[in-house]
Amino acid sequence: MKTYQLPEVKIERDKDRCIDCQVCVRQCAFEAHIVDEDGEVYSEDEKCVACQRCVSLCPTNALTIKDNKPFVKDNANWTAETQKYIWKQAETGGVLLTGMGNPKPYPIYWDHMLLNASQVTNPSIDPLREPMELRTYLGSKPDKIDIKMVDGEPVLNTKLAPQLMVKTPILFSAMSFGAVSYSVCEGLARASKELGTFWNTGEGGLPQNLYEYGPNTIVQVASGRFGVHSEYLDAAAAIEIKIGQGAKPGIGGHLPGEKVGAEVSRTRMIPVGSDAISPAPHHDIYSIEDLSQLIFSLKEATEYTKPISVKISAVHNVAAIASGIARAGADIIAIDGFRGGTGAAPTMIRDNVGIPIELAIAAVDTRLRDEAIRNRVSVIAAGGFRNSADVIKAIALGADAVYLGTAALVAMGCHVCQMCYTGKCNWGIATQDPYLEKRLNPDVAAERLFNLVRGWSHEIAEMLGGMGLNAIESLRGNRLHLRSIGLSTEEMDILGLQAAGSPMA
Amino acid sequence: MKRVYTKEEACIGCRLCEVHCLTEHSRSKNIIKAHKKEFPRALSRVLVEELRPVSFAVQCRHCDEPVCVEACITGAITKDESGKVVHDEEKCVGCWTCVLVCPHGAPRRDLERKKVAKCDLCPDRETPACVEMCPNRALVYEER
Amino acid sequence: MSYVIIGNSVAAVGAIEAIRRIDKEMPITVISDEPYAVYSRPLISELLAGQVKQEMMGYRSPDFYERHGVEAKLGTRVVSIDPKKKTVKTEAGESIGYNKLLIATGGTPFVPPMKGRELGRVMTFIKMDDAKRIEEMLPELKHVVVIGAGLIGLKAAESLHHRGVKVTVVELANRVMATVLDVEAGKVVQDALENAGVDIVTGDTVDEILGDTAGLVNGIKMQSGEALDCDAVIVAIGVVPNAAFAKASGVEVNRGIITDDHMRTNLPDVYAAGDVTEGLDYLSGDNRVMPIWPNAYIQGKIAGFNMAGEDREFTGGLAVNSIELFGVPVVTAGMSNVDSDDLEVLKKSAGYAYRKIVLRDNKVVGAVLVGNIDRAGLVTGLIREQIDISGMRERLLADDFGYIDFPVELRKERLGVAL
Ligand SMILES: Cc1cc2nc3c(=O)[nH]c(=O)nc-3n(C[C@H](O)[C@H](O)[C@H](O)COP(=O)(O)OP(=O)(O)OC[C@H]3O[C@@H](n4cnc5c(N)ncnc54)[C@H](O)[C@@H]3O)c2cc1C
Ligand code: SF4
Ligand code: SF4
Ligand code: SF4
Ligand code: SF4
């Protein structure tokens, strides 16, 4: 039956420029461009998902994808979007699915925080002339350290827990092989090595060819336990237990069988073509004690040589949960805010569950400090980091480092069309279709990721210098370097921020 | 010598190499004019072969012992000092002997001009057009 | 002392270019009875047709001899070789010493004994001067009979037709280009000629050339008894190696000069290359005369290398022919027209397009393509390299047959490394 859904975009082709080369036809996996028998190219608007692939590749700039939101009679309640969802479900009877992070216009607190800079009294530092330390150690720090003097030299007498050293406080967040293509994994792995940071396998296991990047890899152990075996744990620099994901707190995952090809099957250790289902909870974790058991099982399995991280989504009780995790023996807590991306999530959950990462960082950092256990864990924040300013603000709020997911994908070509769950990603990112996957050359992916993080790191160094700091260490949790603007006193309270214009205390 | 090599695992079958090769070998070198206004139209010297998901671009390999040079009945194809196998359109009469002998199927027939069109490694550019314009670095220009 | 080359055509050029890759010093002397710098012999038909100008006939640039340190003695005929003294003697009596000698004297048109062959305007068509001579008499030519529907005969016919002359081709076999084309392909070519207005008579031959009182051709009489009026006759029934003087000087000659796998003759330091030889046929393994341009170049090249002291083996020639008549391109390679029980033939035709592949033990040994001949070389390459085609058999007849149909490893090797 004909759909009631209305096309949302309009494809405009400038016929004076179009040379009928059919590049767009070949590039659109959604088949929105078609060529007729005469070799003339035309389009079908309703198929377009606005991924902009054709626009990017059209050699004559003949194409424009325009917003064509259908006009529905003014109604704040029954918006075009609400109606679209209803039509869709009336047609399919299914759960609405989507990809990427929460797109709703909830407040973005980053845009309500301003950074400080030095003037006169505390001179700023020029990072081009003076050393600027972005190096960060992630892992549990001792409550106190004991130093001995040997031959007039200080020697550390305390046994430190294993640490991850990152050259810049930016890591790549968990994106599983299966949800993303092999090329993405390779790009992330290679960029991490170049950058001196880490990428995260997500719950899809570590493809055999990427074992060589183990020293720059964080491997995940999730509820589905896909691809987990001793070699996998041994290969990694750190292990992350995945409890939750910001885009879909409280629910599990589902990788459809079509995405389970030979390589995914081998890596995940499941049959080709079978659905990979991650249950909502870990069936062996129903308390902090259970979690602690898993943490220590993993530590035992790897002889206490690797930090163990626990990843949760930012939910209302995040601070208390984080405290429990710290006490359960984790070395790192990764918190994923509700703008965190995903390969596939029910739309209603993505758009309505969880809290912003900004509030979560502040709440967790405050709570751990209040309990005097902040040193026991490092906090990695995740969920919608868009630029270096977001990163440095997160650190000032109290995070040790951040995870980039969506930004990394965008660097590789993603245009956030949110069609990840279809497996037809035109950019070769969220797909297992070999024809589409090739579109991401790992050489190009690695280079673009490297460039992005290098650029951000330069900017962070610049901003740090401006604040008169020469090490990222000195900024962590230093909320005095932030001021809020346009926030309610309640929000300011949670964030622990003073209003812009109030003097340094 | 530097040659163009295809990396089939990165070729996405977009055929932009063909578009830009044609443009580079047109009179105007303007992509739109070259495709819409110039008659006879220039011909791309690179050909993309495809059987999804596999695709790759093929162009003259500039062979070490080029059989086309040996076979060309007019002397239009020669190997220059740099190793490039160059084709002189002036001299070519379209006898298609090179089409018949090239083991790579590289020379293309330009039926309008009755001449052969063959990769010349873009003498007016530092990097051949196909290599520079390939959106996925599936073509490299290097010494091997 | 120097390298001496008799003949100044493609085999000679192949030799000169090879010698100079190895030896930049020792002088080279090229001797030819034709008065021109090396030209593209196959283009004499285009010259006659007016499609190629005289100044574009050169096969190499005008400074070719100078750049390669070659002394060209043009318009000079060699009459004998003295292998003991290592000299060649010219018609004018000059004796020229050689270190290494190459005989590259090509072929002479074969004109069978028939009545009237001595008449004026009975011609052959293999030299630039032949084309010029015909050009001069063009105003007087209304109807020309070409004897022989081989490649040269048909090219001559097409050229004359372009110049507004009525042409009748008489061929003894039952089809045109009978040595390389089978019945189907022959028919396509014949149709193209006939549609354009060239008359073709097959299964018949000229018994007698008739002349007028001035000693000029005015007609022919055929075996069948039929007679035709005409103003000129071009005999194009074949070319025989130009080896008589060599034979007289002690060079071993069968149909052509017998050469070994280094293009050596039986005489020390005497080599031979091109149409004058009876060299190795790659596919059959026998020696035979293979009078085609590419083979002459390659033999010349191999001879040149060996003359200059670089050991190079001749692995055998492969018969390849490309011809386009009245817009219909036809190419053949290898055993394109051999009937034998051990051969398997794949073919398809559509309209005038025709594609035929001949297989032996899962390897391609012959091909004929008419119409769409694009990328024919891929097939020729399969023949030359004797590649097993088991994996691509179904695709061999496809118009878009390509590397994509090759086994992956082979394709990668081919595209990754230059041959
Ligand atoms: C009209 C025409 C069209 C052709 N088209 C094609 C084609 O399309 N494709 C193809 O592959 N082949 C073609 N051929 C065949 C091709 O031209 C020959 O294979 C090629 O020319 C052979 O070269 P060669 O160097 O062996 O000898 P030739 O080209 O025959 O040259 C021999 C030279 O030696 C000279 N010579 C002979 N005897 C002596 C002597 N005693 N002293 C001094 N000089 C001597 C001759 O005058 C001549 O100049 C064509 C031939 C003709 C005539
Ligand atoms: S890619 Fe651009 S120029 Fe090519 S057919 Fe599409 S719109 Fe036309
Ligand atoms: S879906 Fe993407 S590639 Fe297809 S028409 Fe829309 S923007 Fe272009
Ligand atoms: S431009 Fe590059 S990716 Fe596109 S078809 Fe050519 S070689 Fe392949
Ligand atoms: S045209 Fe063919 S034979 Fe000639 S150099 Fe190029 S690839 Fe080699």
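The values are calculated or read from the model by the stated rules, or taken from the named source; none is laboratory data. All of these numbers come straight from a predicted model, not from anything done at the bench. Cβ placement follows ideal geometry from the backbone for every residue including glycine, while neighbour counts extend to all protein chains displayed. Just so you know, the surface numbers come from the protein's heavy atoms only, side chains and all, with ligands and any DNA or RNA stripped out. Shrake-Rupley method; radii C 1.70, N 1.55, O 1.52, S 1.80 Å.
Laid out as a table, the results:
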quantity	calculated
Distance violations [Cα-Cα > 19 Å] among C:Lys24/C:Lys301; B:Lys79/B:Lys118; B:Lys2/B:Lys118; B:Lys2/B:Lys91; C:Lys155/C:Lys348; C:Lys53/C:Lys301	B:Lys2/B:Lys91; C:Lys155/C:Lys348; C:Lys53/C:Lys301
Candidate aspartates and glutamates for bridging to A:Lys141, where Cα separation is under 16 Å - those fewer than 8 sequence places away on the same chain excluded	A:Asp331, A:Asp365, A:Glu371, A:Asp400, A:Glu473
Solvent-accessible area, 1.4 Å probe, carbon plus sulfur percent, for the protein assembly as shown	51 percent
Residues along the stretch A:21-52 losing 40 Å² or more of accessible surface when the other protein chains are present rather than the chain by itself (probe 1.4 Å)	A:Arg26
Cβ crowding within 10 Å averaged over residues, with A:293-300, C:366-373, B:6-13, C:5-12 ranked highest first	C:5-12, C:366-373, B:6-13, A:293-300
Interface area, B with C, accessible, probe 1.4 Å, both sides summed, Å² nearest 100	3500 Å²
Total accessible surface hidden between B and A, rounded to 100 Å², 1.4 Å probe	1900 Å²
Kirkwood-Stokes translational diffusion coefficient of the stretch C:330-414, alpha-carbon pairs, 37 °C, 0.692 mPa s, µm²/s	255 µm²/s
Per-residue mean of C-beta atoms belonging to partner chains within 10 Å, peptide B:8-19	6
Occluded residues from the stretch B:28-71, i.e. those whose accessible area drops by 50 Å² or more once the chain is not alone (1.4 Å probe)	B:Ile32, B:Lys36, B:Glu49, B:Arg52, B:Pro53, B:Phe56, B:Glu65, B:Glu70
Rounded to 10°, Cα long-axis angle of helix A:357-370 versus longest principal axis of chain A	20 degrees
Inter-centroid distance (Cα atoms) of the stretch A:198-268 relative to the stretch B:89-144, Å	46 Å
Unit charges on C-beta of K, R, D, E only; dipole of chain A, Debye	480 debye
Choice from C:Asp342, C:Asp129, C:Asp231 showing the highest fluctuation, given a GNM over chain C with Cα pairs closer than 10 Å	C:Asp342
Accessible area in square angstrom per residue, the protein assembly as shown, 1.4 angstrom probe	42 Å²
The stretch A:9-94: translational diffusion in µm²/s, Stokes-Einstein, Kirkwood Rh over Cα pairs, 20 °C, 1.002 mPa s	148 µm²/s
Helix axis angle, A:318-327 relative to chain A longest principal axis, alpha carbon, degrees	50 degrees
Part-to-part distance (alpha-carbon centres) for the stretch C:121-146 and the stretch C:162-201, which is given in Å	19 Å
Highest-MSF residue in chain B out of B:Cys119, B:Cys60, B:Cys102 [GNM, Cα springs under 10 Å]	B:Cys102
C-alpha center-to-center spacing [the stretch A:22-62, the stretch B:1-63] in angstrom	19 Å
Value at 222 nm in deg cm²/dmol, rounded to 500, when DSSP H runs of n ≥ 4 in chain C each add -39,500 (n - 2.57)	-7000 deg cm²/dmol
Fraction of alpha-carbon pairs over 35 Å apart in chain A - percent	37 percent
